[in-house]
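Taking it in order: structure first as structure tokens, then the write-up.
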Amino acid sequence: MHSPWWLRLIVITFIAAAVSVIWFTNAFLSDRFSETTRNRAEVRLALYTGHILSELQRTSVVPLLLARDPALIAALNSANFSITSQNLIEAQAEIGAASILLLDASGRTVAATERTRLGTNHAAEPYFVNAQRSKDTVFTVTERETGAYDFTYSRAVLSENRLVGVIVVGAEMSKFERVWAGISDAVAVVNSENTVILSTEPRWRRLAINDALAVRPAPSAIERAFQVTADWANDPPDAYVRGEAVMRNEARIPFRGWKLISFTTYDSIREKVNAVLALEIMGFAVLLALIFYLLSRRARRQSAVARRESADLRRLNARLQQVIAEREKVQKDLEVAEQTLAQSSKLAALGEMSAAVSHELNQPLAAMKTYLAGARLLLQRKRSEEALSSFQRIDDLIERMGAITRQLKSYARKGGVAFEPVDVRVCISSALSMMEPTLRNRSVRITRMLTRENVTVMADRVRLEQVIINLLRNALDATKQTADPEVEIILTAGETVTLAVRDNGHGIEDLENLFEPFYTTKNPGEGVGLGLAISSGIVKDLGGRLTARNAPGGGAVFEVQLPILTEKTQAAE
């Protein structure tokens with residue numbers, strides 16, 4: 001049976017009114033919430049601008065203070081930089097700068113907060129050249145090979161109106177990118193040439209801001225029609241970031257014509273507007289249902305069935321929306337967890353490698369410090385020929401440190417290490433020579449029981465010496481509290497080569513976790529627990545094994561067993 005015309009007219013009028021109200025509500029709330037969001041973005045930009053200016057101004061004062069530091073001037077005049085790097089590290093910790101370099105008049109790095117940069121030459125760098133030409137502090141932006149930028153303040157260090165060096169202080173600007181990435185959707189700092197120098201999007205750096213936004217083209221009209229609910233706004237969006245519509249806000253930084261630009265998505269606006277629209281739609285749906293109830297008395301039974309079905313559909317729709325929302329939330333949480341896990345793994349690997357490098361280079365650095373002190377005394381006493389031998393030892397130690405770093409890289413790559421026939425007795429003598437500065441400060445009796453014949457194994461000499469040094473160093477540390485410290489080095493050869501290092505110290509408490517990385521019984525600051533873990537890995541790479549046990553009479557015994565190199569095996573090699 002057909003419905004009367006007036007019933008259809010009422011329904012059509014009601015639907016038209018509902019659509020008009022929803023459309024007007026969407027337009028009004030979209031403009032209102034867009035304006036609110038833009039105001040909040042402008043407030044954030046003002047805060048970001050203040051932070052950048054504060055960091056730049058705070059860092060700009062540092063070169064002026066350090067250039068007048070009598071200790072730095074005296075070090076440059078006397079060429080004595082033994083404690084200069086430590087002073088710069090302490091200054092860096094107080095001011096929070098990214099890095100501090102002290103260059104001599106030739107541009108060579110004589111002191112630095114990053115010791116790996118000692119000895120590098122910066123004569124051709126703009127911050128060194130410009131600082132020589134100016135009497136004031138010079139600000140320089142330098143592009144790195146990775147695509148990022150270094151922001152430095154440099155100033156000439158004068159002594160009696162004579163240039164003796166240049167102090168270079170790096171501003172910690174990269175921290176803002178990390179902070180912004182966790183607060184805003186996308187932020188970029190552009191210079192006076194409109195080139196991006198800081199950004200939460202690494203691929204934008206070195207590009208003009210318009211070119212950076214065009215790295216991923218904007219979606220077509222058809223694609224935008226499918227995502228209309230995601231970026232629906234009354235006015236066209238300001239730009240697109242990763243294919244998503246965003247609003248753009250700019251703020252001028254009163255420094256060299258820089259500008260700060262932020263891009264904010266419409267997600268939060270749509271969420272608020274959609275919440276209100278959902279309530280309106282629900283209200284209109286209830287009213288429409290009431291109208292149908294009042295005007296459909298002739299089909300009460302059919303209307304009742306329809307209402308039940310409509311209610312079921314609404315509940316099912318609500319459950320489906322809830323399930324979809326929960327799945328989207330789980331998916332987002334999973335992506336965040338994966339990113340966090342990947343970052344934690346990178347930081348853990350970086351921390352472990354940094355600790356390994358520090359641990360392995362500690363002994364050569366201690367020896368170099370002792371030889372430098374001895375050479376200084378010999379030069380003061382005009383015994384230059386004897387001082388040359390100390391410098392030769394220092395040169396050998398530097399080559400050894402380079403070999404250690406190369407071996408650590410090879411250890412990280414798990415391959416590419418070349419072995420050669422090595423006499424274990426020679427490695428023991430070289431390790432004891434390396435430990436000579438430490439042994440001079442300790443009253444320890446070293447007993448060596450070695451074979452008369454050559455004991456040859458296939459190994460890498462530097463890594464095998466490092467294992468022996470680690471074992472001797474552990475033995476010396478274990479006998480610090482012993483009245484009559486004694487260390488025995490026993491080398492035997494049979495089917496295998498066995499090198500035993502025995503001490504009369506306190507022994508080993510936990511044999512199970514002894515070779516685990518970062519396990520140590522030393523006080524904080526005396527060790528990181530990597531020596532035995534690294535030594536065990538080196539011995540395994542050489543085809544042997546490293547074991548430990550407590551001696552019956554007290555103390556500990558560490559044994560290294562390696563395959564012996566006989567004439568047959570050497571011929572096979």
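The values are calculated or read from the model by the stated rules, or taken from the named source; none is laboratory data. As the structure is a prediction and not an experimental result, all values here were calculated from the model. Using ideal geometry, Cβ is built from the backbone for each residue, glycine included, and neighbour counts are taken over all protein chains shown.
Go through the stretch 83-117 and give me each residue that's of a type in the set (Val, Ile, Thr) and assigned to a loop (DSSP other than H, G, I, E, B).
Of everything in the stretch 83-117, those that are of a type in the set (Val, Ile, Thr) and assigned to a loop (DSSP other than H, G, I, E, B) turn out to be 83, 113.
Among the residues of the stretch 124-179, which ones are among the charged types (D, E, K, R) and under 15 Å from residue 73 (Cα atoms)?
Hits for the stretch 124-179 are 155, 160, 162.
Conditions (1) surrounded by 10 or more Cβ atoms within 10 Å (Cβ to Cβ); (2) at pLDDT 70 or above; (3) of a type outside the set (A, V, I, L, M, F, W, C), marked per residue:
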| site | (1), (2), (3) |
| --- | --- |
| 317 | yes, yes, yes |
| 340 | yes, no, yes |
| 364 | yes, yes, yes |
| 373 | yes, yes, no |
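Being in contact with a strand residue (DSSP E or B) (Cβ under 6 Å, 6 or more places away or on another chain) and free of Cβ contacts under 8 Å to residues at least 24 places away in the same chain: is that true of residue 126 here?
So residue 126 fits the description; yes.
So how many residues does the stretch 160-174 have that are surrounded by fewer than 20 Cβ atoms within 10 Å (Cβ to Cβ), more than 14 Å from residue 133 (Cα to Cα) and either modelled with pLDDT of 90 or more or touching a helix residue (DSSP H, G or I) at 6+ places or on another chain (Cβ under 7 Å) (or both)?
Adding up the residues that qualify gives 1.
Go through 155, 144 for me and flag whichever is touching a helix residue (DSSP H, G or I) at 6+ places or on another chain (Cβ under 6 Å) and of a type in the set (D, E, K, R).
Going through 155, 144 in turn, the sole match is 155.
Being farther than 21 Å from residue 145 by Cβ, within 20 Å of the chain's Cα centre (by Cα) and of a type in the set (A, V, I, L, M) is the filter here; which residues of the stretch 172-207 pass it?
Once the filter is applied, which keeps residues that are farther than 21 Å from residue 145 by Cβ, within 20 Å of the chain's Cα centre (by Cα) and of a type in the set (A, V, I, L, M), the stretch 172-207 yields 179, 181, 183.
Could we say that residue 59 is hydroxyl-bearing (Ser, Thr, Tyr), surrounded by 19 or more Cβ atoms within 10 Å (Cβ to Cβ), part of a helix (DSSP H, G or I) and touching a Phe, Trp or Tyr at 6+ places or on another chain (Cβ under 8 Å) here?
For residue 59, the condition - hydroxyl-bearing (Ser, Thr, Tyr), surrounded by 19 or more Cβ atoms within 10 Å (Cβ to Cβ), part of a helix (DSSP H, G or I) and touching a Phe, Trp or Tyr at 6+ places or on another chain (Cβ under 8 Å) - is met.
Taking the residues in the stretch 542-573 that are outside any strand (DSSP E or B) and surrounded by 18 or more Cβ atoms within 10 Å (Cβ to Cβ) as candidates, determine which candidate is modelled with the highest pLDDT.
Top of the filtered list is 544.
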